[in-house]
Amino acid sequence: MTENGVPESSPHYFRDLSDIPVELETPTGTAGDTRNRPLRDLRISVTDRCNFRCVYCMPKQIFGRDFEFMERDELLTFEEITRLAGIAVAHGVEKIRLTGGEPLLRKGLEELVGMLSALKTPDGRDIDIALTTNGSALDVKAQVLKDAGLKRVTVSLDSLDDATFKALNDVDFPVAKVLHGIEVAHEVGLGPIKINMVVKRGQNDQDVVPMARHFKGSPYILRFIEFMDVGTSNGWKMEEVVPSAEVISAINAELPLEEVVANYPGETSARWSYRDGGGEIGVISSVTQSFCQSCTRVRVSTEGKLFTCLFATGGHDLRALMRGGCSDEQLSTVMAHIWRERTDRYSDLRSAATNDLRGTGKKKIEMSYIGG
Ligand code: SAM
Ligand code: SF4
Ligand code: SF4
(Lines give C-alpha, C1' and ligand atoms only; values in the text may rest on other atoms or scores of the structure.)
(Ligands and ions follow the chains in the order given, each with its own letter.)
Protein backbone atom coordinates (compact mmCIF):
# COMPACT_ATOMS: atom_id res chain seq x y z
CA MET A 1 0.00 0.00 0.00
CA THR A 2 1.15 3.57 -0.61
CA GLU A 3 0.76 6.24 2.02
CA ASN A 4 -2.61 7.10 0.45
CA GLY A 5 -3.84 3.57 0.96
CA VAL A 6 -3.70 2.86 -2.79
CA PRO A 7 -2.69 -0.73 -3.43
CA GLU A 8 0.36 -0.97 -5.67
CA SER A 9 0.71 -3.88 -8.08
CA SER A 10 4.30 -4.33 -7.02
CA PRO A 11 7.03 -2.18 -5.47
CA HIS A 12 8.30 -0.93 -8.83
CA TYR A 13 7.43 -1.22 -12.50
CA PHE A 14 9.67 -2.60 -15.23
CA ARG A 15 9.69 0.07 -17.94
CA ASP A 16 12.78 -0.41 -20.08
CA LEU A 17 15.93 -2.47 -20.53
CA SER A 18 17.76 -0.60 -17.76
CA ASP A 19 15.30 -2.09 -15.22
CA ILE A 20 16.24 -5.69 -16.02
CA PRO A 21 18.14 -7.37 -13.15
CA VAL A 22 21.71 -8.33 -14.00
CA GLU A 23 21.48 -11.73 -12.33
CA LEU A 24 19.45 -14.02 -14.59
CA GLU A 25 17.09 -16.68 -13.21
CA THR A 26 15.84 -19.96 -14.65
CA PRO A 27 12.08 -20.54 -14.33
CA THR A 28 11.13 -23.15 -11.75
CA GLY A 29 7.52 -23.69 -12.88
CA THR A 30 6.47 -23.09 -9.27
CA ALA A 31 6.66 -19.31 -8.92
CA GLY A 32 4.94 -18.05 -5.75
CA ASP A 33 4.10 -14.45 -4.75
CA THR A 34 4.34 -12.77 -1.33
CA ARG A 35 1.13 -14.54 -0.27
CA ASN A 36 2.26 -17.92 -1.62
CA ARG A 37 -0.11 -17.74 -4.56
CA PRO A 38 1.17 -19.65 -7.59
CA LEU A 39 1.06 -18.22 -11.13
CA ARG A 40 -1.46 -20.31 -13.06
CA ASP A 41 -3.61 -18.14 -15.32
CA LEU A 42 -2.72 -15.72 -18.07
CA ARG A 43 -5.34 -13.40 -19.56
CA ILE A 44 -4.37 -11.67 -22.76
CA SER A 45 -6.27 -8.75 -24.19
CA VAL A 46 -5.90 -8.94 -27.97
CA THR A 47 -7.71 -5.71 -28.83
CA ASP A 48 -8.96 -2.61 -27.05
CA ARG A 49 -11.81 -2.24 -29.56
CA CYS A 50 -15.35 -3.52 -29.26
CA ASN A 51 -18.52 -3.45 -31.34
CA PHE A 52 -20.64 -3.16 -28.16
CA ARG A 53 -20.83 -0.23 -25.77
CA CYS A 54 -21.99 -2.04 -22.62
CA VAL A 55 -22.98 0.62 -20.14
CA TYR A 56 -20.99 -1.00 -17.32
CA CYS A 57 -17.82 -1.35 -19.42
CA MET A 58 -17.48 1.06 -22.38
CA PRO A 59 -20.12 3.75 -21.88
CA LYS A 60 -20.71 5.79 -25.05
CA GLN A 61 -20.12 9.11 -23.29
CA ILE A 62 -16.48 8.09 -22.91
CA PHE A 63 -15.95 5.52 -25.68
CA GLY A 64 -17.63 7.69 -28.35
CA ARG A 65 -16.62 8.61 -31.89
CA ASP A 66 -13.67 10.67 -30.72
CA PHE A 67 -12.19 8.03 -28.48
CA GLU A 68 -8.68 7.16 -29.63
CA PHE A 69 -8.12 3.43 -29.77
CA MET A 70 -4.64 1.98 -30.26
CA GLU A 71 -2.87 2.02 -33.59
CA ARG A 72 -1.93 -1.32 -35.13
CA ASP A 73 1.78 -1.01 -34.42
CA GLU A 74 1.04 -0.40 -30.74
CA LEU A 75 -0.60 -3.82 -30.41
CA LEU A 76 1.53 -6.80 -29.44
CA THR A 77 2.07 -8.99 -32.49
CA PHE A 78 1.06 -12.66 -32.36
CA GLU A 79 4.77 -13.55 -32.14
CA GLU A 80 5.23 -11.23 -29.15
CA ILE A 81 2.13 -12.63 -27.44
CA THR A 82 3.31 -16.19 -27.99
CA ARG A 83 6.78 -15.36 -26.71
CA LEU A 84 5.38 -13.88 -23.51
CA ALA A 85 2.92 -16.73 -23.08
CA GLY A 86 5.70 -19.31 -23.47
CA ILE A 87 7.66 -17.67 -20.67
CA ALA A 88 4.58 -17.44 -18.44
CA VAL A 89 3.98 -21.15 -19.04
CA ALA A 90 7.55 -21.91 -17.96
CA HIS A 91 6.71 -20.12 -14.69
CA GLY A 92 3.60 -22.21 -14.05
CA VAL A 93 0.75 -20.87 -16.23
CA GLU A 94 -1.63 -23.67 -17.30
CA LYS A 95 -4.58 -21.67 -18.62
CA ILE A 96 -4.61 -18.89 -21.18
CA ARG A 97 -7.73 -16.83 -21.80
CA LEU A 98 -8.02 -14.47 -24.76
CA THR A 99 -10.13 -11.41 -24.10
CA GLY A 100 -10.41 -7.72 -24.93
CA GLY A 101 -12.29 -5.48 -25.92
CA GLU A 102 -13.97 -7.95 -28.18
CA PRO A 103 -11.34 -10.58 -29.06
CA LEU A 104 -13.16 -11.76 -32.18
CA LEU A 105 -12.48 -8.34 -33.72
CA ARG A 106 -8.73 -9.10 -33.82
CA LYS A 107 -7.94 -10.12 -37.38
CA GLY A 108 -6.58 -13.65 -37.76
CA LEU A 109 -7.23 -14.58 -34.12
CA GLU A 110 -7.27 -18.26 -35.11
CA GLU A 111 -3.63 -17.96 -36.12
CA LEU A 112 -2.77 -16.81 -32.58
CA VAL A 113 -4.82 -19.66 -31.11
CA GLY A 114 -2.83 -22.08 -33.28
CA MET A 115 0.47 -20.63 -32.09
CA LEU A 116 -0.55 -20.74 -28.41
CA SER A 117 -1.88 -24.26 -28.62
CA ALA A 118 1.61 -25.50 -29.51
CA LEU A 119 2.81 -24.50 -26.01
CA LYS A 120 3.21 -27.22 -23.37
CA THR A 121 3.61 -27.13 -19.58
CA PRO A 122 7.11 -28.05 -18.31
CA ASP A 123 5.83 -31.62 -17.76
CA GLY A 124 4.45 -31.87 -21.29
CA ARG A 125 0.72 -31.18 -20.82
CA ASP A 126 -1.43 -29.11 -23.21
CA ILE A 127 -2.35 -25.58 -22.18
CA ASP A 128 -6.05 -24.91 -21.65
CA ILE A 129 -6.88 -22.15 -24.14
CA ALA A 130 -10.17 -20.30 -23.70
CA LEU A 131 -11.84 -17.15 -24.98
CA THR A 132 -14.30 -14.65 -23.51
CA THR A 133 -16.54 -13.03 -26.12
CA ASN A 134 -19.74 -11.06 -26.50
CA GLY A 135 -20.77 -13.77 -28.97
CA SER A 136 -21.62 -11.37 -31.80
CA ALA A 137 -19.34 -13.09 -34.32
CA LEU A 138 -19.24 -16.53 -32.78
CA ASP A 139 -21.51 -18.13 -35.37
CA VAL A 140 -18.93 -17.25 -38.05
CA LYS A 141 -15.74 -17.87 -36.06
CA ALA A 142 -16.48 -20.89 -33.83
CA GLN A 143 -15.41 -23.63 -36.24
CA VAL A 144 -12.14 -22.03 -37.34
CA LEU A 145 -11.20 -21.31 -33.72
CA LYS A 146 -11.97 -24.87 -32.71
CA ASP A 147 -9.87 -26.18 -35.60
CA ALA A 148 -7.00 -23.95 -34.51
CA GLY A 149 -6.98 -25.48 -30.99
CA LEU A 150 -9.36 -23.35 -28.91
CA LYS A 151 -10.80 -25.49 -26.10
CA ARG A 152 -13.66 -23.45 -24.60
CA VAL A 153 -15.58 -20.20 -24.85
CA THR A 154 -17.31 -18.05 -22.27
CA VAL A 155 -20.05 -15.86 -23.71
CA SER A 156 -21.37 -12.71 -22.08
CA LEU A 157 -25.15 -12.31 -22.16
CA ASP A 158 -26.92 -10.00 -19.74
CA SER A 159 -30.59 -10.56 -20.58
CA LEU A 160 -32.96 -12.59 -22.74
CA ASP A 161 -35.19 -9.60 -23.20
CA ASP A 162 -34.26 -7.67 -26.35
CA ALA A 163 -35.13 -4.24 -24.95
CA THR A 164 -33.05 -4.80 -21.79
CA PHE A 165 -30.14 -6.37 -23.70
CA LYS A 166 -30.09 -3.56 -26.24
CA ALA A 167 -30.19 -0.96 -23.47
CA LEU A 168 -27.15 -2.66 -21.91
CA ASN A 169 -25.08 -3.24 -25.06
CA ASP A 170 -26.16 0.19 -26.33
CA VAL A 171 -25.66 -0.73 -30.01
CA ASP A 172 -29.05 -2.32 -30.66
CA PHE A 173 -27.60 -5.83 -30.81
CA PRO A 174 -30.32 -8.54 -30.59
CA VAL A 175 -30.33 -11.45 -28.12
CA ALA A 176 -31.15 -14.02 -30.83
CA LYS A 177 -27.85 -13.55 -32.63
CA VAL A 178 -25.87 -14.19 -29.44
CA LEU A 179 -27.97 -17.28 -28.67
CA HIS A 180 -27.29 -18.53 -32.20
CA GLY A 181 -23.53 -18.01 -31.71
CA ILE A 182 -23.69 -19.98 -28.46
CA GLU A 183 -25.44 -22.87 -30.21
CA VAL A 184 -22.91 -22.96 -33.03
CA ALA A 185 -20.02 -22.92 -30.53
CA HIS A 186 -21.64 -25.80 -28.67
CA GLU A 187 -22.13 -27.79 -31.88
CA VAL A 188 -18.49 -27.47 -32.90
CA GLY A 189 -17.37 -28.66 -29.44
CA LEU A 190 -16.24 -25.47 -27.68
CA GLY A 191 -17.84 -26.56 -24.43
CA PRO A 192 -18.69 -26.68 -21.65
CA ILE A 193 -19.75 -23.12 -22.49
CA LYS A 194 -20.16 -20.66 -19.66
CA ILE A 195 -22.58 -17.76 -19.97
CA ASN A 196 -21.63 -14.64 -18.00
CA MET A 197 -24.37 -12.27 -16.86
CA VAL A 198 -23.31 -9.04 -15.14
CA VAL A 199 -26.16 -8.06 -12.84
CA LYS A 200 -26.74 -4.35 -12.39
CA ARG A 201 -29.52 -3.17 -10.10
CA GLY A 202 -32.29 -1.32 -11.84
CA GLN A 203 -31.10 -2.49 -15.23
CA ASN A 204 -31.33 -6.28 -15.54
CA ASP A 205 -31.88 -7.67 -12.01
CA GLN A 206 -35.43 -8.61 -13.02
CA ASP A 207 -33.87 -11.04 -15.54
CA VAL A 208 -31.97 -13.18 -13.04
CA VAL A 209 -34.71 -15.78 -12.59
CA PRO A 210 -35.77 -15.85 -16.29
CA MET A 211 -32.11 -16.40 -17.28
CA ALA A 212 -31.80 -19.22 -14.71
CA ARG A 213 -35.00 -20.81 -15.96
CA HIS A 214 -33.92 -20.54 -19.60
CA PHE A 215 -30.51 -22.18 -19.13
CA LYS A 216 -31.59 -24.75 -16.53
CA GLY A 217 -31.20 -28.23 -17.99
CA SER A 218 -29.17 -26.92 -20.95
CA PRO A 219 -25.52 -27.78 -21.68
CA TYR A 220 -24.57 -24.23 -20.63
CA ILE A 221 -23.37 -23.04 -17.23
CA LEU A 222 -24.83 -19.67 -16.32
CA ARG A 223 -22.76 -17.45 -14.05
CA PHE A 224 -23.92 -14.27 -12.35
CA ILE A 225 -21.27 -11.59 -11.91
CA GLU A 226 -21.45 -8.74 -9.43
CA PHE A 227 -21.10 -5.34 -11.10
CA MET A 228 -17.52 -4.31 -10.31
CA ASP A 229 -15.78 -0.99 -9.76
CA VAL A 230 -13.24 -1.59 -12.54
CA GLY A 231 -11.79 1.49 -14.22
CA THR A 232 -13.15 4.96 -13.65
CA SER A 233 -15.62 5.38 -16.49
CA ASN A 234 -18.56 3.14 -15.58
CA GLY A 235 -19.93 5.33 -12.77
CA TRP A 236 -19.90 2.43 -10.32
CA LYS A 237 -22.05 2.72 -7.21
CA MET A 238 -22.37 0.13 -4.46
CA GLU A 239 -26.17 0.51 -4.61
CA GLU A 240 -26.10 -0.90 -8.14
CA VAL A 241 -24.35 -4.08 -7.09
CA VAL A 242 -26.72 -7.01 -6.65
CA PRO A 243 -25.00 -9.24 -4.06
CA SER A 244 -24.66 -12.87 -5.14
CA ALA A 245 -26.50 -13.91 -1.97
CA GLU A 246 -29.55 -12.03 -3.28
CA VAL A 247 -29.24 -13.71 -6.71
CA ILE A 248 -29.05 -17.16 -5.12
CA SER A 249 -31.98 -16.50 -2.83
CA ALA A 250 -34.18 -15.24 -5.71
CA ILE A 251 -33.43 -18.31 -7.82
CA ASN A 252 -33.67 -20.71 -4.88
CA ALA A 253 -37.17 -19.44 -4.08
CA GLU A 254 -38.40 -20.73 -7.46
CA LEU A 255 -35.84 -23.31 -8.49
CA PRO A 256 -34.36 -24.94 -5.35
CA LEU A 257 -30.56 -24.99 -5.18
CA GLU A 258 -27.79 -26.60 -3.15
CA GLU A 259 -24.14 -25.58 -2.86
CA VAL A 260 -21.49 -27.63 -4.67
CA VAL A 261 -17.83 -27.95 -3.67
CA ALA A 262 -15.34 -26.05 -5.84
CA ASN A 263 -13.77 -27.84 -8.83
CA TYR A 264 -10.32 -26.71 -7.75
CA PRO A 265 -8.82 -24.35 -5.16
CA GLY A 266 -8.96 -20.77 -6.39
CA GLU A 267 -12.08 -21.21 -8.53
CA THR A 268 -13.49 -17.69 -8.83
CA SER A 269 -17.06 -18.80 -9.12
CA ALA A 270 -19.02 -20.39 -6.26
CA ARG A 271 -21.10 -23.26 -7.65
CA TRP A 272 -24.72 -24.17 -6.95
CA SER A 273 -26.74 -27.02 -8.45
CA TYR A 274 -30.47 -27.45 -8.95
CA ARG A 275 -31.85 -29.94 -6.44
CA ASP A 276 -33.86 -31.64 -9.18
CA GLY A 277 -30.72 -32.40 -11.23
CA GLY A 278 -31.20 -29.58 -13.74
CA GLY A 279 -27.51 -28.70 -13.85
CA GLU A 280 -25.61 -25.93 -12.12
CA ILE A 281 -25.04 -22.19 -11.95
CA GLY A 282 -22.19 -20.07 -10.60
CA VAL A 283 -21.86 -16.73 -8.85
CA ILE A 284 -18.81 -14.50 -9.02
CA SER A 285 -18.90 -12.31 -5.93
CA SER A 286 -15.92 -10.06 -6.56
CA VAL A 287 -17.47 -7.27 -4.50
CA THR A 288 -19.24 -8.96 -1.60
CA GLN A 289 -16.92 -11.95 -1.12
CA SER A 290 -13.50 -11.25 -2.50
CA PHE A 291 -11.20 -14.11 -3.42
CA CYS A 292 -7.78 -12.42 -3.58
CA GLN A 293 -6.20 -15.09 -1.40
CA SER A 294 -6.60 -17.60 -4.23
CA CYS A 295 -5.95 -15.23 -7.15
CA THR A 296 -3.41 -16.83 -9.48
CA ARG A 297 -3.84 -14.51 -12.46
CA VAL A 298 -1.68 -12.23 -14.47
CA ARG A 299 -3.03 -10.02 -17.25
CA VAL A 300 -1.38 -8.64 -20.35
CA SER A 301 -2.95 -5.62 -22.03
CA THR A 302 -3.27 -5.16 -25.78
CA GLU A 303 -0.07 -3.13 -25.94
CA GLY A 304 1.93 -5.47 -23.74
CA LYS A 305 1.66 -4.09 -20.22
CA LEU A 306 1.59 -6.79 -17.58
CA PHE A 307 -0.78 -6.30 -14.64
CA THR A 308 -0.82 -8.46 -11.56
CA CYS A 309 -4.28 -7.23 -10.51
CA LEU A 310 -7.47 -6.23 -12.33
CA PHE A 311 -7.54 -3.10 -10.21
CA ALA A 312 -3.93 -2.04 -10.68
CA THR A 313 -3.15 1.54 -11.58
CA GLY A 314 0.00 0.68 -13.52
CA GLY A 315 1.62 -2.18 -15.43
CA HIS A 316 5.04 -3.49 -16.44
CA ASP A 317 5.96 -2.54 -20.00
CA LEU A 318 6.95 -5.89 -21.48
CA ARG A 319 6.57 -4.56 -25.03
CA ALA A 320 9.27 -1.98 -24.35
CA LEU A 321 11.53 -4.74 -23.07
CA MET A 322 10.85 -7.02 -26.05
CA ARG A 323 11.12 -4.28 -28.66
CA GLY A 324 14.26 -3.03 -26.89
CA GLY A 325 15.89 -6.38 -27.67
CA CYS A 326 15.80 -8.26 -24.36
CA SER A 327 16.59 -11.98 -24.40
CA ASP A 328 14.17 -14.73 -23.33
CA GLU A 329 16.29 -15.24 -20.21
CA GLN A 330 15.96 -11.56 -19.33
CA LEU A 331 12.20 -11.58 -19.93
CA SER A 332 11.85 -14.68 -17.82
CA THR A 333 13.88 -13.09 -15.01
CA VAL A 334 11.62 -10.02 -15.12
CA MET A 335 8.53 -12.23 -14.86
CA ALA A 336 10.02 -14.11 -11.93
CA HIS A 337 10.66 -10.82 -10.13
CA ILE A 338 7.21 -9.43 -10.86
CA TRP A 339 5.42 -12.47 -9.49
CA ARG A 340 7.68 -12.94 -6.49
CA GLU A 341 7.08 -9.32 -5.43
CA ARG A 342 3.32 -9.40 -6.01
CA THR A 343 1.26 -8.22 -3.04
CA ASP A 344 -2.14 -7.46 -4.66
CA ARG A 345 -5.40 -7.95 -2.80
CA TYR A 346 -7.47 -5.04 -4.00
CA SER A 347 -10.90 -6.59 -3.54
CA ASP A 348 -10.02 -7.54 0.01
CA LEU A 349 -9.18 -3.90 0.65
CA ARG A 350 -11.89 -2.50 -1.61
CA SER A 351 -13.92 -0.14 0.46
CA ALA A 352 -11.07 1.88 1.92
CA ALA A 353 -9.02 1.73 -1.25
CA THR A 354 -11.81 2.82 -3.61
CA ASN A 355 -12.40 5.94 -1.56
CA ASP A 356 -8.71 6.70 -1.46
CA LEU A 357 -8.29 6.21 -5.20
CA ARG A 358 -11.05 8.71 -5.79
CA GLY A 359 -9.31 11.17 -3.51
CA THR A 360 -5.88 10.85 -5.15
CA GLY A 361 -6.93 11.22 -8.77
CA LYS A 362 -5.07 7.95 -9.61
CA LYS A 363 -6.75 6.12 -12.48
CA LYS A 364 -7.57 2.44 -12.37
CA ILE A 365 -7.42 0.56 -15.67
CA GLU A 366 -10.61 -0.05 -17.66
CA MET A 367 -12.20 -3.49 -18.09
CA SER A 368 -12.30 -3.06 -21.89
CA TYR A 369 -8.54 -2.36 -21.81
CA ILE A 370 -7.51 -5.39 -19.81
CA GLY A 371 -10.37 -7.85 -20.28
CA GLY A 372 -12.34 -9.67 -17.60
N1 SAM B 1 -15.99 -8.45 -24.97
C2 SAM B 1 -15.88 -9.70 -24.33
C3 SAM B 1 -17.10 -9.98 -23.50
O4 SAM B 1 -17.90 -9.07 -23.24
O5 SAM B 1 -17.25 -11.14 -23.11
C6 SAM B 1 -14.63 -9.88 -23.51
C7 SAM B 1 -14.15 -8.72 -22.68
S8 SAM B 1 -15.23 -8.25 -21.35
C9 SAM B 1 -14.35 -6.89 -20.65
C10 SAM B 1 -14.98 -9.60 -20.23
C11 SAM B 1 -16.05 -9.78 -19.16
O12 SAM B 1 -16.01 -8.69 -18.28
C13 SAM B 1 -17.47 -9.85 -19.68
O14 SAM B 1 -18.09 -11.04 -19.23
C15 SAM B 1 -18.12 -8.63 -19.10
O16 SAM B 1 -19.48 -8.84 -18.85
C17 SAM B 1 -17.32 -8.42 -17.85
N18 SAM B 1 -17.38 -7.04 -17.33
C19 SAM B 1 -17.12 -5.89 -17.99
N20 SAM B 1 -17.27 -4.82 -17.18
C21 SAM B 1 -17.64 -5.32 -15.97
C22 SAM B 1 -17.95 -4.72 -14.71
N23 SAM B 1 -17.92 -3.42 -14.51
N24 SAM B 1 -18.29 -5.55 -13.69
C25 SAM B 1 -18.32 -6.90 -13.85
N26 SAM B 1 -18.02 -7.51 -15.01
C27 SAM B 1 -17.70 -6.74 -16.06
FE1 SF4 C 1 -17.38 -4.90 -25.22
FE2 SF4 C 1 -17.23 -6.97 -23.60
FE3 SF4 C 1 -16.96 -4.49 -22.64
FE4 SF4 C 1 -19.33 -5.25 -23.50
S5 SF4 C 1 -18.20 -6.15 -21.76
S6 SF4 C 1 -18.32 -3.32 -24.00
S7 SF4 C 1 -18.82 -6.60 -25.15
S8 SF4 C 1 -15.60 -5.49 -24.03
FE1 SF4 D 1 -6.92 -10.90 -7.98
FE2 SF4 D 1 -9.11 -9.42 -8.21
FE3 SF4 D 1 -7.90 -9.66 -5.83
FE4 SF4 D 1 -6.72 -8.26 -7.77
S5 SF4 D 1 -8.67 -7.79 -6.74
S6 SF4 D 1 -5.74 -9.76 -6.45
S7 SF4 D 1 -7.34 -9.43 -9.60
S8 SF4 D 1 -8.92 -11.31 -7.00
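Things worth noting here:
- Efficiency of FRET between residue 327 and residue 209 - r from beta-carbon atoms, R0 45 angstrom, step 0.05: 0.20
- Modelled this way, with points 7 Å down the Cα-to-C-beta line, the labels at residue 273 and residue 30 are 3.4 nm from one another.
- Under the Karplus curve 6.51 cos²θ - 1.76 cosθ + 1.60, θ = phi - 60°, whole-Hz ³J(HN,Hα) for the stretch 143-157, x wherever Gly or Pro sits: 5, 5, 5, 4, 4, 7, x, 5, 9, 8, 10, 10, 10, 8, 8
- A straight line joining the Cα centroids of the stretch 162-239 and the stretch 265-305 runs 15 Å.
- Rg/Rh for the chain (Cα atoms only, Rh after Kirkwood) is 0.95.
- Separation of the residue 163 and residue 111 label points, Cα + 7 Å toward Cβ, nm: 4.6 nm
- Residue 80/residue 254 FRET efficiency (R0 30 Å; Cβ-Cβ; nearest 0.05): 0.05
- In degrees, nearest ten, helix 244-254 long axis to first principal axis of the chain (Cα): 30 degrees
- Atom-type composition of the exposed protein surface of the chain places 51 percent of the accessible area on carbon and sulfur (1.4 angstrom probe).
- Those Cys residues of the chain for which no other cysteine Cβ falls under 4.7 Å: 50, 292, 295, 309, 326
- Debye intensity ratio I(q)/I(0), log10, the stretch 14-84, q values 0.13, 0.22, 0.27 Å⁻¹ (C-alpha model): -0.71, -1.13, -1.28
- At full extension, residue 123 and residue 238 could sit 37.0 nm farther apart than now, given 0.36 nm per residue minus the alpha carbon distance.
- Label-point separation in nm, residue 70 to residue 140, each point 7 Å along Cα→Cβ: 2.3 nm
- Extension gain, residue 201-residue 16: 0.36 nm per intervening residue step, less the Cα-Cα distance, totals 62.2 nm.
- Out-of-range pairs (alpha-carbon distance over 22 Å; input 107/166; 60/151; 95/146; 166/364; 151/194): 107/166; 60/151; 166/364
- Among beta bridges that DSSP assigns inside the stretch 17-370, antiparallel share in %, nearest 5: 35 percent
- Probe 1.4 Å, protein heavy atoms only - accessible area per residue of the chain in square angstrom: 42 Å²
The values are calculated or read from the model by the stated rules, or taken from the named source; none is laboratory data. Since the model is a prediction, treat every value here as computed from it, not as a measurement. Because the Cβ atoms are built from the backbone with ideal geometry, glycine has one as well, and the counts that use them run over all protein chains shown. Note: accessible area is taken over every heavy atom of the protein model, side chains too, but ligands, DNA and RNA are not part of it. Shrake-Rupley method; radii C 1.70, N 1.55, O 1.52, S 1.80 Å.
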